[in-house]
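Chemist: Structure in structure tokens, see below.
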């Protein structure tokens, strides 16, 4: 049957069926696909580095090894920095608990005097239980990271995938191009390179925005006088990778800490005000100019994608879903029959222009 004679509803149904099959495969292959996707995106970031080293006459295998070791060093360094900040934050945990108990006692007293109701919180929080909880949570950090990637084997697979994808990065593109006829060969290669650049620019842009946000958040909290400003600034910047929900979650912890440890309500509200201004700068200036329009996903698709990604792959799914949707959007643009799905994923003002 000719492509043009296929009814439109059958084309839509075929794409929807393909999406359902893909989601089903993602659920079944979670332990393998999460490290594969993580390795693939990290490898894409390392491709320009490998290309530069290979232009200096370094063998491809050696350039892949150097790029892999460099990426591992950066990731381990960030993890160690976060661990050190968490340990520093834990030292003030007792003071935070005392302040929290005082507030709970005041709330219970006001409720009793005003409404004659005993809320049962005047005894406060048991410090020993909180310390046990903190200790047990610190022991589960590694379990959380393993759960994010999938398993211990997944942690091992990520660098393996990075290495092999860097070595055979042109092989897949060549394979896909060979599927098509010779006159389409170069066009397919060009589209694959374009798709690769979209993902590279998106991930690099997001990392740049996160770095700038870490500096701005830390500087703002330091100016307000909040202790552990670096920890809270890094924490909020890392959460910014989750669109819409991340910035809100990143502001809650420093707000509560300032509320419990600093005298006067001006400090926690100063935290909220500063984070609001920084978020406005990020959404209206930083992201449009640094990340650009490489993704162009509308808010509805992004929100649904986050829910689906979180339901299928947990935290890893929420992180990986946005660049994956961006790739799907660009793939849909390659064919006239699937362009309506690209329209569905994109912003409305983009179509009007």
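What follows is calculated from the coordinates using simple rules that are stated; it is not laboratory data. All of these numbers come straight from a predicted model, not from anything done at the bench. Don't worry about glycine lacking a Cβ; one is built from the backbone with ideal geometry, like all the others, and counts go over all protein chains shown.
Chemist: Quick one: 276, 218, fewest Cβ neighbours within 10 Å first, how do they rank?
Modeler: Values: 276 12, 218 20.
With the sparsest Cβ surroundings first, the list reads 276, 218.
Chemist: Further question on the same structure: If a paramagnetic tag sat 7 Å from the Cα of residue 58 along the Cα-Cβ line, which residues of the stretch 156-172 would have the backbone N under 17 Å from that point?
Modeler: Hits in the stretch 156-172 for residue 58 at 17 Å: 162-169.
Chemist: Still on this structure, I have one more. How much length is gained if the chain between residue 189 and residue 88 is pulled fully straight, taking 0.36 nm per residue apart and subtracting their Cα-Cα distance, in nm to one decimal? Each step should come with its number before you reach the end.
Modeler: Values: separation 101, 0.36 × 101 = 36.36 nm, distance 5.05 nm.
That works out to 31.3 nm of additional length.
Chemist: Just to verify a number: FRET efficiency for residue 18 and residue 256, C-beta to C-beta distance, R0 = 41 Å, to 0.05?
Modeler: For residue 18 and residue 256, the calculated efficiency is 0.35.
Chemist: How many nm is it between the label spots at residue 300 and residue 196, if each spot is 7 Å from the Cα in line with the beta carbon?
Modeler: 3.5 nm
Chemist: What is the distance, in nm, between label points placed 7 Å from the Cα along the Cα-to-Cβ direction at residue 238 and at residue 172?
Modeler: Computed distance between label sites residue 238 and residue 172 equals 2.7 nm.
Chemist: For a label point 7 angstrom out from the Cα of residue 204 toward its Cβ, which stretches of the stretch 65-90 have the backbone nitrogen within less than 17 Å?
Modeler: Counting backbone N atoms under 17 Å from the label point, the list is 67-68, 71.
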